[in-house]
């Protein structure tokens, strides 16, 4: 049986680059990959219109009717290729929605999705500063912002993300009214290992989705090494979704630290969290405007990951109770996901954490040994993976 997976998201979030690298690990899989932009160029050429990466936005905004016709025909070609293919998985990649200047460009409409009939929708996301750096390092896009770093506002980038996600949610809701069921929408951070993406796309039945919950801020380096080691062990058996694969929180934390030290500060200096070297100077006012949206997006994204998962693995290698972890456990309890809690301390946790942490299928217990917890999850998989 064929499965169609729509891979989408905001522009300049590294979607296609990530997918193409990940698919190098998928040589043995039965799949076809459809990059919608390539189809737009092909249809445009047939109609005597040259569509390029540089002109596509301006062309779509100045010739909306023609662009709509080209996009519709591109999706018709993709649908025809899917119908004629003998492959099992069909990956369709295109941006969701993009606002530029006074106009907006849709990656797809409701009629396009009715034709495509996606089984799953995966929204590919990168952290905000990486998106900003991608723009700076892209000559065509940097030129759009007047070749001035200060013109690239975090507020703009978080709204790109907001618009893209809302466009997907709205259309999938409309699809449901039409009787077309999408199994889930998943907000996927591209800092996940490529193998996690491969497992997500191709091996979900054998390796069901598990959300990894852990206190994320204010810990020593050794703590994060332990979390990463646990993630790698768990990933041998499950498709593990990590909230740390999309981390904008450190921007807010660094802002708070610097403002506390110097209340009159105008520029916030932030190091690249991944290389620890490159430093950005960002306008304080811009971070303040973006922060409220970022905080809400973080909560909604983490709840989305919990909601699509069959189980939640809580790695609580910290005695201080995390409000975020408790909230994620409560959300998992609400959605009837299995909950497994690793808490290795003698002191009892809060009664709420204890209550939620004793909801795994066959035994009411918390775990003091992480390997024992993984073994229990494997043993009990047949109970919770089918839920």
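Criterion applied to 279, 259, 325 was being closer than 30 Å to residue 182 by Cα and in contact with a strand residue (DSSP E or B) (Cβ under 9 Å, 6 or more places away or on another chain), and the one residue passing it is 325. Kindly indicate whether any position in the stretch 361-371 is more than 16 Å from residue 212 (Cα to Cα) and either in contact with a strand residue (DSSP E or B) (Cβ under 6 Å, 6 or more places away or on another chain) or buried (at least 22 other Cβ atoms within 10 Å of the Cβ) (or both). Scanning the stretch 361-371 turns up at least one residue that is more than 16 Å from residue 212 (Cα to Cα) and either in contact with a strand residue (DSSP E or B) (Cβ under 6 Å, 6 or more places away or on another chain) or buried (at least 22 other Cβ atoms within 10 Å of the Cβ) (or both).
Has the stretch 62-77 got at least one residue that is under 25 Å from the mean Cα position of the chain (by Cα) and closer than 24 Å to residue 190 by Cβ? No, the conditions are met nowhere in the stretch 62-77. Of all the listed residues (167, 192), the sole one being buried (at least 21 other Cβ atoms within 10 Å of the Cβ), part of a loop (DSSP other than H, G, I, E, B) and in contact (Cβ under 8 Å) with a residue 12 or more places away in the chain is 192. Residues that are under 26 Å from residue 301 (Cα atoms) and surrounded by 14 or more Cβ atoms within 10 Å (Cβ to Cβ) were ranked within the stretch 259-276; the one that is modelled with the highest pLDDT is 268.
Just one of (1) in contact with a strand residue (DSSP E or B) (Cβ under 7 Å, 6 or more places away or on another chain); (2) over 28 Å from residue 97 (Cβ atoms); (3) outside any loop (DSSP other than H, G, I, E, B) fails for residue 207. It is (3). The set of residues in the stretch 235-258 being surrounded by fewer than 21 Cβ atoms within 10 Å (Cβ to Cβ), at pLDDT 85 or above and touching a helix residue (DSSP H, G or I) at 6+ places or on another chain (Cβ under 6 Å) consists of 237, 243, 255.
Among the numbered conditions (1) in contact with a helix residue (DSSP H, G or I) (Cβ under 6 Å, 6 or more places away or on another chain); (2) in a helix (DSSP H, G or I); (3) within 17 Å of residue 308 (Cβ to Cβ), the only one that residue 186 does not meet is (2).
Given the conditions (1) in the same structural domain as residue 293 (by TED's automatic domain parsing); (2) without any contact (Cβ under 8 Å) to a residue 24 or more places away in the chain; (3) in a strand (DSSP E or B), which single one is not true for residue 212? With respect to (1) in the same structural domain as residue 293 (by TED's automatic domain parsing); (2) without any contact (Cβ under 8 Å) to a residue 24 or more places away in the chain; (3) in a strand (DSSP E or B), residue 212 is out only on (2).
Taking the condition within 25 Å of residue 249 (Cβ to Cβ) and at pLDDT 95 or above, does residue 119 pass? No; evaluated as a whole, the condition is false for this residue.
The values are calculated or read from the model by the stated rules, or taken from the named source; none is laboratory data. Small disclaimer: the values here were computed from a predicted structure and weren't measured. No Cβ is skipped: glycine too gets one built from the backbone with ideal geometry, and neighbour counts run over all protein chains shown.
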